[in-house]
Amino acid sequence: QVQLVESGGGLVQAGGSLRLSCAASGNRFSIFAMGWHRQAPGKQRELVAQITSGGNTNIADSVKGRFTISRDNAKNTVYLQMNTLKPEDTAVYYCKIVLQGTLAGYWGQGTQVTVSS
């Protein structure tokens, strides 16, 4: 079993920055990909950014140039640096990991990000 612990959400004014962190723990697992999704009220959950163990990234067009994803493989931790935040970035942000081999996915509990105008 894998556990994910997220941190870093909060309330920020438009134009501000936040950094989200997600640390994975458990027994005998190897991570293929780590990433962040978000879900705003009344909307479907969407991919924000993903990074593989090899460092390849996939960033949503809506956040390109503003958000940066990175990971520390030794710590099984993924980060999302969010700059120039906009009110439309307001959502619950969920960490997700995909394991090597089985490609099983695990979700974090979610962290609220609120951007005021």
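Would you work out what percent of the accessible area of region 31-117, with all protein chains in place, is carbon or sulfur (probe 1.4 Å)?
The nonpolar share, carbon plus sulfur, comes to 47 percent.
Using a Cα-Cα cut-off of under 18 Å, which aspartates and glutamates could be cross-linked to residue 96, ignoring same-chain neighbours fewer than 8 residues away?
6, 46, 72
With charges only on Cβ, +1 for K and R and -1 for D and E, what is the dipole size of region 66-111 about its Cα centre, in debye, rounded to 20?
Here the size comes out at about 80 debye.
Taking amide H atoms as placed 1.01 Å from N in the peptide plane, list the residues 5 or more away in sequence, or in a different chain, whose amide H sits under 5 Å from that of residue 86.
15
Could you give the dipole magnitude of the chain about its Cα centre, charging the beta-carbon of Lys and Arg +1 and that of Asp and Glu -1, in debye to the nearest 20?
100 debye
So what is the relative contact order of the chain, in percent, for Cα pairs below 8 Å that sit 6 or more residues apart?
Relative contact order of the chain: 36 percent.
When ligands, DNA and RNA are left out and all protein chains stay put, how many square angstrom of accessible area per residue does the chain have with a 1.4 Å probe?
53 Å²
The values are calculated or read from the model by the stated rules, or taken from the named source; none is laboratory data. Since we're looking at a predicted model, the values are computed, not measured. Virtual Cβ from ideal backbone geometry, glycine too; neighbours counted across all protein chains shown. Only protein heavy atoms, including side chains, enter the accessible area calculation; ligands, DNA and RNA are left aside. Shrake-Rupley method; radii C 1.70, N 1.55, O 1.52, S 1.80 Å.
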